[in-house]
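Q: Please read through the structure below; I'll follow up with questions.
The values are calculated or read from the model by the stated rules, or taken from the named source; none is laboratory data. Treat the numbers as computed from the prediction; the structure is a model and nothing was measured. A quick note on method: Cβ atoms are made from the backbone with ideal geometry, for glycine too, and the neighbour counts reach across all protein chains shown. Heavy atoms of the whole protein, side chains included, go into the accessibility calculation; ligands, DNA and RNA do not. Shrake-Rupley method; radii C 1.70, N 1.55, O 1.52, S 1.80 Å.
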Amino acid sequence: VNSGNLQISLVPKGDRKITHTQIMDSLRKKMKKLGGGLTVRLRSNGLTSFGGGKGYPVELNLKSSNWDSLVATSKKLEAALAADPMFVDADSGFEDGSPELKVFPDREKALARGVSLSTVAETLSFLYQGLKPVKFNDGGRRVNVILQADQTKVPQQPEDFGELYVRNNRSQLIPLSQLVSVRKGQAPVSISRENRERNISVYANLATGVAMDKGLAKAEQLFNSLKPADVRVDEGGSRGSLNTAFGDLSFAMMLGIVVAYMVLASQYNSYLDPALILLALPFSFGGAFIALKIAGETLNLFSMIGLLLLMGIVKKNSIMLVEFANQEFEEQDPADHSYARAMTAACHTRFRPILMTAFTAIAAALPPALRIGVDSASTGSMSVGIVGGLILSSFLTLIVVPVSYVQVKTWVRKRNFHKTHAPVVSP
């Protein structure tokens, strides 16, 4: 099958009124009118794929030790994806091979007729591949002499082998059809393996408006409906890459919280102050999730990266409050210590810097969140999460962190005071 690739570069998003997915939908409708047995598959080089082998958002890695069953299942799954309205541009990594003649020598018949298998192999090589019996010198270079049969007279059907003869050890001509059996078959272009297992990947694009997780779940459901006996879906492909990416990012977020707590604990020489500082993180996550929901975004790889960035920005605001509150508390008269007055003074002092930090970050993230700019397609969901998290956490941080600081610190101080001044009872 002849094939060709055509790469199309789109103008910047600000210079066009439709998205790249709308352009792809329009091209599909126009390509169907071409006819002539032409099959067109579109693939976006955008960021819709998480590690897919060919850049498709849906990729199922089929594996089996039975090659014939693997090929049949991949073709059925490709047809099922093509028939489902949730998918477009269904494709697979399997390519139909070229027709071939498979020759199986019969050792017993060859031995009975005095013909060696090497003679049979040389005859077939002479017919289809050619022999290199000698070389000749050409200006100091040795060049092979290739001896090959006329390709127009080479057998193309199994019955044609009866017209070929080979000479046995008694100089008799023996029909080749008496020594071998010939069957028609098809040679695969390639057999791909992964982890020493044969595999075929089946790909598809998602229709407009279909979420990636729903598309992957539907594709796996279609595979299970085929009920292949000896074919399984590997955890790799788009599903495996997506799970790996989310797992790594989740681990990075948890590790970041632990490391931040350890650093703050060593800096403040306290187990309590780092917990009060990190208290603002849940509110930032809640704001990010609300903003993603309102904007119609999903919790994808880029929005998770935005949550990582949000952790550092929000934590800095809490550090400002707790740091200045501790300083104010230490500067007070020992006889009239008050955590409430210390935190009130810290809020008055750091209110403007906290708002300036938040508004600066929001202003930087707002253009991509509003899809303004060339790179907004990739950074949009990340920016939406940052904007929503900062808006909610900036205001709640000024309420929750001060209240928690005053209540917890006061309770701990009273508890320690009662322990220190506990009455001593004589036995």
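Q: Report, ordered by the first and then the second residue, all pairs with beta carbons closer than 9 Å, sequence separation of six or more or different chains, a first member in segment 217-240 that is within 12 Å of Glu194 (Cβ to Cβ), and a second member that is at pLDDT 75 or above and hydroxyl-bearing (Ser, Thr, Tyr).
A: Partner pairs satisfying both residue conditions: Gly236/Ser201; Gly237/Ser201; Gly237/Tyr203.
Q: Please specify each residue of segment 317-363 satisfying the condition of being surrounded by 15 or more Cβ atoms within 10 Å (Cβ to Cβ) and charged (D, E, K, R).
A: Within segment 317-363, Glu323, Glu328, Arg341, Arg350 meet the criteria.
Q: Scan Val314, Val403, Val384 and give me the residue that is open to solvent by less than 50 Å² (accessible area, probe 1.4 Å) and modelled with pLDDT of 85 or more.
A: Working: Val314 fails: modelled with pLDDT of 85 or more; Val403 fails: open to solvent by less than 50 Å² (accessible area, probe 1.4 Å).
That would be Val384, the only listed residue that is open to solvent by less than 50 Å² (accessible area, probe 1.4 Å) and modelled with pLDDT of 85 or more.
Q: Based on this model, can you work out whether Tyr339 counts as closer than 13 Å to Pro402 by Cα and in contact with a helix residue (DSSP H, G or I) (Cβ under 7 Å, 6 or more places away or on another chain)?
A: Numbers: closer than 13 Å to Pro402 by Cα: yes; in contact with a helix residue (DSSP H, G or I) (Cβ under 7 Å, 6 or more places away or on another chain): yes.
Against the criterion (closer than 13 Å to Pro402 by Cα and in contact with a helix residue (DSSP H, G or I) (Cβ under 7 Å, 6 or more places away or on another chain)), Tyr339 qualifies.
Q: Can you tell me how many residues within segment 135-147 are in contact with a strand residue (DSSP E or B) (Cβ under 7 Å, 6 or more places away or on another chain) and open to solvent by 80 Å² or more (accessible area, probe 1.4 Å)?
A: Qualifying residue count for the region: 5.
Q: Being within 32 Å of the chain's Cα centre (by Cα) and among the small types (Gly, Ala, Ser), is that true of even one residue in segment 328-336? Please lay out each step first, then the result.
A: From segment 328-336, those within 32 Å of the chain's Cα centre (by Cα) are none; that's our starting set.
The answer is no, given that none of the residues of segment 328-336 is within 32 Å of the chain's Cα centre (by Cα) and among the small types (Gly, Ala, Ser).
Q: Right, another one. State whether the residues of segment 113-122 include one that is part of a strand (DSSP E or B) and open to solvent by less than 90 Å² (accessible area, probe 1.4 Å). Outline the logic, then answer.
A: Residues of segment 113-122 that are part of a strand (DSSP E or B), as a first pass: none.
The answer is no, given that none of the residues of segment 113-122 is part of a strand (DSSP E or B) and open to solvent by less than 90 Å² (accessible area, probe 1.4 Å).
Q: I've got another one for you. Quick test for you: out of Val258, Val189, Val182, pick the one residue that is under 30 Å from Glu122 (Cα atoms) and either at pLDDT 80 or above or part of a helix (DSSP H, G or I) (or both).
A: Result: Val182 is the single residue among Val258, Val189, Val182 that is under 30 Å from Glu122 (Cα atoms) and either at pLDDT 80 or above or part of a helix (DSSP H, G or I) (or both).
Residue-by-condition table, conditions (1) touching a residue at least 60 places away in the same chain (Cβ under 8 Å); (2) under 30 Å from Asp234 (Cα atoms):
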| residue | (1), (2) |
| --- | --- |
| Ala110 | yes, no |
| Ser116 | no, no |
| Leu124 | no, no |
| Pro158 | no, no |
| Asn168 | no, no |
| Ile174 | yes, no |
| Ala204 | yes, yes |
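Q: List the pairs whose first member sits in segment 241-254 and is open to solvent by less than 40 Å² (accessible area, probe 1.4 Å), whose second member is modelled with pLDDT under 80 and not in a helix (DSSP H, G or I), and whose Cβ atoms are under 6 Å apart, counting only residues at least 6 apart or on separate chains?
A: Pairs found: Ser241/Phe50; Ser241/Gly51; Leu242/Phe50; Ala245/Phe50.
Q: Then there is this: Of these, Asp230, Asp213, which one is open to solvent by less than 70 Å² (accessible area, probe 1.4 Å) and of a type outside the set (Phe, Trp, Tyr)? Show your work before the answer.
A: Working: Asp213 fails: open to solvent by less than 70 Å² (accessible area, probe 1.4 Å).
Only one candidate qualifies: Asp230.
Q: Could you say which residue among Gln157, Gln151 is open to solvent by less than 80 Å² (accessible area, probe 1.4 Å) and over 20 Å from the mean Cα position of the chain (by Cα)?
A: On the way: Gln151 fails: open to solvent by less than 80 Å² (accessible area, probe 1.4 Å).
That would be Gln157, the only listed residue that is open to solvent by less than 80 Å² (accessible area, probe 1.4 Å) and over 20 Å from the mean Cα position of the chain (by Cα).
Q: Do we have Leu127 as in a helix (DSSP H, G or I) and modelled with pLDDT under 85 here? Working first, answer last.
A: Working: in a helix (DSSP H, G or I): yes; modelled with pLDDT under 85: yes.
So Leu127 passes the test.
Q: Of the residues that sit in segment 72-97 and are part of a loop (DSSP other than H, G, I, E, B) and open to solvent by 70 Å² or more (accessible area, probe 1.4 Å), which one is farthest from Leu216 (Cα to Cα)? Show your work before the answer.
A: So in segment 72-97, the residues part of a loop (DSSP other than H, G, I, E, B) come out as 84-86, 93-97.
Subset that is open to solvent by 70 Å² or more (accessible area, probe 1.4 Å): 85, 95-96.
Working: Pro85: 14, Glu95: 23, Asp96: 26 Å.
That would be Asp96.
Q: I would also like to ask the following. Within segment 126-156, how many residues turn out to be touching a residue at least 24 places away in the same chain (Cβ under 8 Å) and touching an Asp or Glu at 6+ places or on another chain (Cβ under 8 Å)?
A: 1
Q: Given the conditions (1) modelled with pLDDT under 80; (2) assigned to a helix (DSSP H, G or I); (3) farther than 17 Å from Lys316 by Cα; (4) open to solvent by less than 60 Å² (accessible area, probe 1.4 Å), which single one is not true for Asn416?
A: Failing condition for Asn416: (4).
Q: Please list, ordered by residue number, the helices (runs of 4 or more DSSP H) wholly in segment 267-375 having 1 or more residues that are among the small types (Gly, Ala, Ser) and closer than 16 Å to Gly385 by Cβ. I'd like the intermediate steps shown before the answer.
A: Working: elements: 272-277, 281-295, 301-331, 339-369.
Per the criteria, 281-295, 301-331, 339-369.
Q: Go through segment 1-19 and give me each residue that's under 22 Å from Ala207 (Cα atoms) and in contact (Cβ under 8 Å) with a residue 60 or more places away in the chain.
A: Applying the first criterion (under 22 Å from Ala207 (Cα atoms)) to segment 1-19 yields 5-10, 13, 16-19.
The answer is Lys13, and nothing else.
Q: Still on this structure, I have one more. Could you tell me which residue of segment 72-112 is nearest to Asp160 (Cα to Cα), considering only residues that are of a type in the set (Gly, Ala, Ser) and in contact with a helix residue (DSSP H, G or I) (Cβ under 7 Å, 6 or more places away or on another chain)? Write out each step before concluding.
A: Filtering segment 72-112 for residues of a type in the set (Gly, Ala, Ser) gives 72, 74, 79-80, 82-83, 90, 92-93, 97-98, 110, 112.
After this cut, where a residue has to be in contact with a helix residue (DSSP H, G or I) (Cβ under 7 Å, 6 or more places away or on another chain) as well, the list is 80, 90, 92, 110.
Values: Ala80: 41, Ala90: 40, Ser92: 36, Ala110: 19 Å.
Applying the filter and picking the extreme gives Ala110.
Q: Follow-up question, since we're still on this one. Suppose the filter is open to solvent by less than 90 Å² (accessible area, probe 1.4 Å), among the basic types (Lys, Arg) and touching a residue at least 60 places away in the same chain (Cβ under 8 Å); does Arg198 pass it?
A: On the way: open to solvent by less than 90 Å² (accessible area, probe 1.4 Å): yes; among the basic types (Lys, Arg): yes; touching a residue at least 60 places away in the same chain (Cβ under 8 Å): yes.
Considered against the rule, which asks whether it is open to solvent by less than 90 Å² (accessible area, probe 1.4 Å), among the basic types (Lys, Arg) and touching a residue at least 60 places away in the same chain (Cβ under 8 Å), Arg198 comes out as yes.
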